[in-house]
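The values are calculated or read from the model by the stated rules, or taken from the named source; none is laboratory data. None of these values were measured; they are calculated from a predicted model. Every residue, glycine as well, gets a Cβ built from its backbone with ideal geometry; the counts of neighbours run over all protein chains shown.
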Amino acid sequence: GSESKGTGFAAYANAQLIWGLPQAIITVSLMAALLPRLARSAHEGDTGAVRDDISQGLRTTAVAIVPISFGFVALGIPMCTLMFGASGTSAATNMGYMLMAFGLGLIPYSVQYVVLRAFYAYEDTRTPFYNTVIVAVVNASASALCFLLLPSRWAVAGMAASYGLAYAIGVGVAWRRLSKRLGGDLDGGRVLRTYARLAIAAVPAALLSGAACYGISKSLGQEAGGSLVALVVGGVVLLGVFFVAARRMRIEELNGMVGMVRGRLGR
């Protein structure tokens, strides 16, 4: 009924809020550090430096954003049952499914943010605006299809997934435009390799973490206590497995990120 639609959209809004936090904390602050240099290089017409900064921004943010987005897929349900359990377990579980559906969309969402900073460095606001319109149109169309084609309990989760799809298409468009602006190569091979390797490290981490969560929730239940244990254990498993796998694959951006976090904490 309309009441469940209302709670569906409230849950969507809450899930979207949680999902947007890593972007707000990590991607935005990392890029804020790069922006002055980026603007200077753009102003001086040094396309090589702009490309290097964008590549560095993409690869460094990926170290945090890729495992976190897989983390939302693995841990979405205990996150929501812990935070919103008071609104009833089934409502909180539904919200968890939405967070899972949003999950991987965090990757293109973050990439888009970084890539658009290059246009702002060139004082070009038209391209980002044009890009926002494309994302909005794709999101609205895909969401409408989900609403029409999917059974109601999955429709809102489908809309959450549409969000990621819209950003993936937006990134494709922005990437091509930036590539043209910078005269061809955008260091795409290196960037893709980093994202692929981080994803390869994140998949087993997410699977083991999700399995641990599922086991704990089954035995301890989904009340606050069980949810907290599931989330903590799941989180430790996720980060531990990811870190070991990423180290094994010698992903050098990992050291950059760890150094940055240490610098922030040591201040």
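For segment 46-78, a residue qualifies if it is over 16 Å from the mean Cα position of the chain (by Cα) and touching a residue at least 12 places away in the same chain (Cβ under 8 Å), and the qualifying residues are THR47, ALA49, VAL50, ARG51, ASP52, ASP53, ILE54, SER55, GLN56, ILE77, PRO78. From the list TYR120, TYR130, TYR163, the one residue that fits, being buried (at least 19 other Cβ atoms within 10 Å of the Cβ), out of contact with any Cys (no Cβ under 9 Å at 6 or more places or on another chain) and part of a helix (DSSP H, G or I), is TYR163. Within segment 168-184, one or more residues are surrounded by fewer than 19 Cβ atoms within 10 Å (Cβ to Cβ), outside any helix (DSSP H, G or I) and touching a Ser or Thr at 6+ places or on another chain (Cβ under 8 Å). Taking residues in segment 139-150 that are free of Cβ contacts under 8 Å to residues at least 24 places away in the same chain and within 16 Å of GLY170 (Cα to Cα), and partners anywhere that are among the aliphatic types (A, V, I, L, M) and surrounded by 14 or more Cβ atoms within 10 Å (Cβ to Cβ), the pairs with Cβ atoms closer than 8 Å and at least 6 places apart or on different chains are SER143/MET159.
Residues checked against (1) closer than 12 Å to GLY20 by Cα; (2) at pLDDT below 95; (3) crowded, with 22+ Cβ neighbours inside 10 Å:
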site: PHE70; (1), (2), (3): no, no, yes
site: PRO78; (1), (2), (3): no, yes, yes
site: GLY96; (1), (2), (3): no, yes, yes
site: LEU99; (1), (2), (3): yes, yes, yes
site: SER110; (1), (2), (3): yes, no, yes
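Scan segment 221-231 and give yes if some residue there is under 28 Å from ILE77 (Cβ atoms), part of a helix (DSSP H, G or I), modelled with pLDDT of 85 or more and in contact with a Gly (Cβ under 9 Å, 6 or more places away or on another chain), otherwise no. Yes, the conditions are met somewhere in segment 221-231.
Which of the numbered conditions does ALA211 fail, given that it passes all the others? Conditions: (1) part of a helix (DSSP H, G or I); (2) crowded, with 18+ Cβ neighbours inside 10 Å; (3) out of contact with any Pro (no Cβ under 9 Å at 6 or more places or on another chain). (2) is the only condition that ALA211 fails.
Which residues, taken from segment 146-160, are loosely packed, with under 14 Cβ neighbours inside 10 Å and modelled with pLDDT of 90 or more? Give the derivation first.
Looking only at segment 146-160, we keep the residues that are loosely packed, with under 14 Cβ neighbours inside 10 Å, and these are 148-149, 151-153.
Result: LEU148, LEU149.
The single condition among (1) part of a helix (DSSP H, G or I); (2) in contact with a helix residue (DSSP H, G or I) (Cβ under 9 Å, 6 or more places away or on another chain) that LEU192 does not meet is (2). Scanning segment 188-199 for residues that are crowded, with 19+ Cβ neighbours inside 10 Å and farther than 13 Å from ILE107 by Cα turns up just one, ARG197.
If I filter segment 152-194 down to residues being among the polar types (S, T, N, Q) and over 15 Å from GLN56 (Cα atoms), which single residue comes out as farthest from the chain's Cα centre (by Cα)?
Going through segment 152-194, the residues among the polar types (S, T, N, Q) turn out to be 152, 162, 179, 194.
With over 15 Å from GLN56 (Cα atoms) added as a condition, the list becomes 152, 162, 179.
Numbers: SER152: 25, SER162: 14, SER179: 23 Å.
The extreme case among them is SER152.
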